[in-house]
Amino acid sequence: MALPLFEKYPALEKRLPWISLGNWPTPVQKLETLGKTIGYPNIWIKHDDQSSGTYGGNKVRKLEFMLADALKKGYKWVITYGGIGTNHGLATVIHAKHLDMRTALILVKQPLTDHVQENLLLDRHFGAEIHYASRIIIAGFQTVGVYLKHGKVYFIPPGGSSTLGSLGYVNAALELKQQIDAGLIPEPEYIFCALGSKGTMAGLLVGTRLAGMKTRVVGVRVAEFWITRPENIVGLANRMMALLHSRDKSVPPLKFSLDDVQVIHDFFGGEYGRVTPEGKAAMALVWETEKIKLELTYTAKTFAAMLDFIQKHPEVKNAPLLYWHTYNAVDFTHVLLEDHDHTKLPESLQWCFQKNMVPCLGGDPDNQGPPGR
Ligand SMILES: Cc1ncc(COP(=O)(O)O)c(C=O)c1O
């Protein structure tokens with residue numbers, strides 16, 4: 001299957017590393033029941049939750065570029081970073097394993113939830129080498145340790161938002177444009193996506209512009225401000241443009257500025273991974289009306305922000321809005337039921353399992369564990 005990015009700029013196909021890990025294009029769908037329930041009949045979803053039958057979500061598109069690069073260069077190990085509940089880390093572990101590479105994860109503290117416990121158990125199950133860094137400086141030492149131990153290790157930044165990886169979302173916007181042209185969805189007035197390590201939003205900014213769309217991309221901030229600074233979103237978008245233009249001169253050398261960046265800050269909740277009441281309500285609404293699963297760190301906050309936007313902006317008058325779903329939809333209940341021995345995780349992470357919160361293992365998600373070490 002040809003990638004929309006390579007269809008539009010054929011010279012890129014030989015000049016960029018890429019390997020297929022997903023199911024493309026991901027479907028688009030109108031959220032009919034939800035629309036009727038809230039009285040806004042033009043809400044659409046882009047199902048990147050269904051991007052892979054192995055592990056879906058938004059990281060697959062980024063990993064298709066970065067893991068292809070690692071493979072081409074002969075790496076056997078990759079290293080990446082995240083909170084203890086990182087979806088990006090788990091996606092990397094699973095997809096790298098599929099390509100016979102192993103992953104070292106350096107994990108930092110975040111609020112403990114059932115989702116965090118699940119992802120830690122799955123990281124171990126799928127063969128990650130796990131390091132817990134109780135302070136950022138320790139993450140630095142652990143990184144050095146991983147390089148000393150394994151020698152050649154491919155570096156993937158937190159969230160997978162390298163310039164190369166984020167091209168996955170340039171391609172995603174071009175994929176959406178093909179679906180618009182095919183009449184599957186109207187051109188959205190706004191796209192709402194989670195804003196974490198920035199690659200999804202920056203890639204969509206670049207891709208919608210290259211596709212000639214008028215759509216505004218709105219990022220919903222779910223991480224600390226210093227990680228998501230608008231200047232850095234612009235910087236990443238411009239680095240992607242420079243990379244594309246350097247590999248194929250027929251890609252127009254577009255420049256992005258702060259005027260292109262629209263961010264909603266009000267749904268962050270003060271801390272990465274902190275559960276918010278608005279997020280919980282949005283998660284329940286989407287499940288009850290559409291049976292689509294959100295999670296509380298990224299996607300529920302994003303959906304809550306879009307609902308609030310609809311309330312506050314009557315002038316959009318039922319224009320098409322697109323919620324870009326970035327969470328994995330593959331269910332791992334059967335894996336967790338068979339393999340959930342947390343004592344096999346490093347000693348430094350045992351504090352996460354003082355109370356079982358995982359519903360499929362008989363735990364109570366509201367039974368908060370200790371605040372963290
Ligand atoms: C479910 C989910 N949605 C959204 C994001 C944020 O995307 P980005 O890091 O590209 O900003 C992440 C990042 O880990 C994620 O796991």
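The values are calculated or read from the model by the stated rules, or taken from the named source; none is laboratory data. Bear in mind the structure is a predicted one, so any value in this text is a computation, not a measurement. Counting neighbours? That spans all protein chains shown, and the Cβs are built from the backbone with ideal geometry, glycine included. Surface accessibility is based on the protein's heavy atoms, side chains included, excluding ligands, DNA and RNA. Shrake-Rupley method; radii C 1.70, N 1.55, O 1.52, S 1.80 Å.
Points to keep in mind about this one:
- Flag if ALA182 is away from the ligand (no atom under 16 Å from the Cβ) and open to solvent by 20 Å² or more (accessible area, probe 1.4 Å): yes
- All conditions in (1) exposed (fewer than 15 other Cβ atoms within 10 Å of the Cβ); (2) within 13 Å of the ligand (Cβ to nearest atom) hold for ASP259, with the sole exception of (2).
- Unique match (being away from the ligand (no atom under 16 Å from the Cβ), open to solvent by 10 Å² or more (accessible area, probe 1.4 Å) and more than 18 Å from LEU336 (Cα to Cα)) among ARG124, ARG102: ARG102
- Any hit, segment 62-73, residues being loosely packed, with under 15 Cβ neighbours inside 10 Å, of a type outside the set (A, V, I, L, M, F, W, C) and over 29 Å from LEU294 (Cβ atoms): yes
- Selection status of ILE130, away from the ligand (no atom under 12 Å from the Cβ), in contact (Cβ under 8 Å) with a residue 12 or more places away in the chain and in the same structural domain as ALA242 (by TED's automatic domain parsing): no
- Here segment 74-87 is the region considered, the condition is being open to solvent by less than 10 Å² (accessible area, probe 1.4 Å), outside any loop (DSSP other than H, G, I, E, B) and not aliphatic (A, V, I, L, M), and the residue that is farthest from the ligand (Cβ to nearest atom) is THR80.
- Residue tally, condition open to solvent by less than 40 Å² (accessible area, probe 1.4 Å) and in contact with a strand residue (DSSP E or B) (Cβ under 6 Å, 6 or more places away or on another chain), over segment 274-298: 0
- Condition check for TRP18: under 17 Å from VAL330 (Cα atoms), surrounded by fewer than 22 Cβ atoms within 10 Å (Cβ to Cβ) and away from the ligand (no atom under 16 Å from the Cβ): no
- Selection status of ALA300, part of a helix (DSSP H, G or I), within 16 Å of LEU31 (Cα to Cα) and at pLDDT 95 or above: yes
- Residue match in segment 264-275 (condition: outside the structural domain of GLY82 (by TED's automatic domain parsing), out of contact with any Gly (no Cβ under 6 Å at 6 or more places or on another chain) and assigned to a helix (DSSP H, G or I)): no
- Check on LEU195, closer than 21 Å to LEU63 by Cα and crowded, with 16+ Cβ neighbours inside 10 Å: yes
- Test for SER52: is it in the same structural domain as LEU321 (by TED's automatic domain parsing), open to solvent by less than 10 Å² (accessible area, probe 1.4 Å) and under 30 Å from GLY151 (Cβ atoms): yes
- Scanning segment 317-340 for residues that are assigned to a helix (DSSP H, G or I) and either free of Cβ contacts under 8 Å to residues at least 60 places away in the same chain or under 22 Å from GLY279 (Cβ atoms) (or both) yields a total of 4.
- When every residue of segment 328-345 is checked against the conditions, at least one turns out to be touching a strand residue (DSSP E or B) at 6+ places or on another chain (Cβ under 7 Å) and either over 18 Å from ASN87 (Cα atoms) or modelled with pLDDT of 95 or more (or both).
- When we screen HIS115, HIS98 for residues that are under 17 Å from the mean Cα position of the chain (by Cα) and either at pLDDT 95 or above or acidic (Asp, Glu) (or both), the only hit is HIS115.
- Test result for ILE136, more than 14 Å from the ligand (Cβ to nearest atom) and not aromatic (Phe, Trp, Tyr): yes
- Condition met for ALA242 (away from the ligand (no atom under 14 Å from the Cβ) and within 17 Å of SER161 (Cα to Cα)): yes
- Applying the condition of being more than 8 Å from the ligand (Cβ to nearest atom) and basic (Lys, Arg) to segment 198-223 and asking which residue is most open to solvent (accessible area, probe 1.4 Å) yields LYS214.
- Segment 174-191: number of residues that are aliphatic (A, V, I, L, M) and free of Cβ contacts under 8 Å to residues at least 24 places away in the same chain: 1
- Candidates LEU195, LEU167 - the one that is out of contact with any strand residue (DSSP E or B) (no Cβ under 8 Å at 6 or more places or on another chain), assigned by TED's automatic domain parsing to the domain that holds ALA242 and within 13 Å of the ligand (Cβ to nearest atom): LEU167
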